[in-house]
Each structure stands twice: as C-alpha cells, then as structure tokens.
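A short worksheet on the structure shown next.
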Amino acid sequence: GESVGLHLPTLSVQEGDNSIINCAYSNSASDYFIWYKQESGKGPQFIIDIRSNMDKRQGQRVTVLLNKTVKHLSLQIAATQPGDSAVYFCAENRNGNKLVFGAGTILRVKS
Amino acid sequence: DSGVTQTPKHLITATGQRVTLRCSPRSGDLSVYWYQQSLDQGLQFLIQYYNGEERAKGNILERFSAQQFPDLHSELNLSSLELGDSALYFCASSVRGDTEAFFGQGTRLTVV
C-alpha cells in the first residue's frame, strides 16, 4: 500500500536530552525527503527536508541525516523539550510525484 | 496556521451516503495532495493534483474521486460510504511536487 501501518514504535527521552528518530524508506529512486511532526488532533507540521544530493541538513535544534546506501533517514532533536512530544513521520518523494509517509514514531518527553 | 484550509472540520453521515471534502491550498501552491489517516493505516496517500491535472495516484478506492479546479482548490468526493471510511482526511499543498508540503487541519469523517 501507500503507507506502512501500525503499532507505532515509541521513543521516551528525558527533557534536555537529545532524541534520534529513525526511518527506513522504501524507494531507492526517492530524491526528496521530509520530516513531519503531528500533535494530537492536528495536521502534520513540516519540520525539515533534505534532497538526495545531500547527506546532512541542519535546522533550529534539528538535524536530518540521509544514508542512501541503506535507505535510512534520521531526525536528531537537540535538547528535547516537552513540546516536542508528538508523532514523527518521515515522507519520501520521487520526481515530485506522491509523498509517501512512513509509519511514524511516538516521541514522549519526560520532565 | 499552515495556510491550507479544509472544510468542514467534522462530518457525520450515514452509510451509503456521499460527501464532499474541500481544500483550499496555500496561495501560490500548485500541487495538492489528499491523505486518509485512520488508526490502523497511518497516513495513506490517496491522490495528487498539479495545476488541475492528476499527477499521482495511491490506493484510492473507486468509490472515491477528486478534482482540482482552475482556482486550484480541490475537492475529494467519497460515495457509498462504509463504516470503514471513518477517518481523518488531510489535504496538503506545495508549490511544486518536490517542495515542502503543508497540511491542513483535516476533516474528521464519521460514518454511522
């Protein structure tokens, strides 16, 4: 299908620690990747993106790493805060067609 | 606020009925995506339009159809509704297909 389903993995981190959320993507031809954050009852919110000609991109408190050899994407969140608690999704895109989401990871931040 | 507007926010309807969900993309965005999110399927890609033309299709049921109008707003039509169609339906838009997509707040459809 066009998504992967369920029983989402959960990552629990202490406030102030760094978080690393991983994603394995499916299409080796995908050339554009996005990380989204979804809070309960809301639409997915864009965090950061990366194109396949890069292997790292940094934003404010977030870094995305791309390993095309093993089709792996990761999102690093520095100094995780309670407001970072949400479900995180990676999404992949090829030639501007579709935007297919991974299953998602629940991030829980403990105060 | 992402700039993507979806209406209605909530919809309750009976099995067998037909509904239309509406999406207004961000100003300047030519590409519109539709997704279904239910508890057991994650964010499932349904269909993508670009500047009025269908660009990509996911596992969209034959009972579902969509279109993008000249003013770039889009509608998703769901017919012969079944209980299993109950879900959150999201619309997203992007400038092109290969740029960041921004999501609306979704329409929660409940079929009873």
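Regarding residue A:34, is this residue away from chain B (no Cβ under 14 Å) and under 26 Å from residue B:89 (Cβ atoms)?
Considered against the rule, which asks whether it is away from chain B (no Cβ under 14 Å) and under 26 Å from residue B:89 (Cβ atoms), residue A:34 comes out as no.
Keeping to the stretch B:35-55, report how many residues are surrounded by 14 or more Cβ atoms within 10 Å (Cβ to Cβ), away from chain A (no Cβ under 11 Å) and part of a strand (DSSP E or B).
Result for the stretch B:35-55: 1.
What is the number of the single condition among (1) charged (D, E, K, R); (2) open to solvent by 60 Å² or more (accessible area, probe 1.4 Å); (3) in contact with a strand residue (DSSP E or B) (Cβ under 8 Å, 6 or more places away or on another chain) that residue B:71 does not meet?
(3)
I want to confirm something. Restricting to the stretch B:69-85 and keeping residues that are among the charged types (D, E, K, R) and not in a strand (DSSP E or B), which single residue is farthest from residue B:39 (Cα to Cα)?
Checking each candidate, the answer is B:71.
Take residue A:34 and tell me if it is within 11 Å of the chain's Cα centre (by Cα), crowded, with 18+ Cβ neighbours inside 10 Å and without any contact (Cβ under 8 Å) to a residue 60 or more places away in the chain.
Criteria not met by residue A:34.
Check the stretch A:41-50 and report whether any residue there is under 11 Å from residue A:71 (Cα atoms) and part of a loop (DSSP other than H, G, I, E, B).
Scanning the stretch A:41-50 turns up no residue that is under 11 Å from residue A:71 (Cα atoms) and part of a loop (DSSP other than H, G, I, E, B).
Confirm whether residue B:93 is out of contact with any helix residue (DSSP H, G or I) (no Cβ under 6 Å at 6 or more places or on another chain), of a type in the set (Ser, Thr, Tyr) and not in a loop (DSSP other than H, G, I, E, B).
yes
Mind checking which residues of the stretch B:56-68 are within 16 Å of residue B:16 (Cα to Cα) and either open to solvent by less than 10 Å² (accessible area, probe 1.4 Å) or among the aliphatic types (A, V, I, L, M) (or both)?
B:61
The values are calculated or read from the model by the stated rules, or taken from the named source; none is laboratory data. Bear in mind that the values here come from a model prediction, so they are computed numbers and not experimental data. Note: ideal-geometry Cβ built from the backbone for every residue, glycine included; neighbour counts use all protein chains shown. Each accessible area value is taken on the protein alone, full model and side chains, heavy atoms only, with ligands, DNA and RNA left out. Shrake-Rupley method; radii C 1.70, N 1.55, O 1.52, S 1.80 Å.
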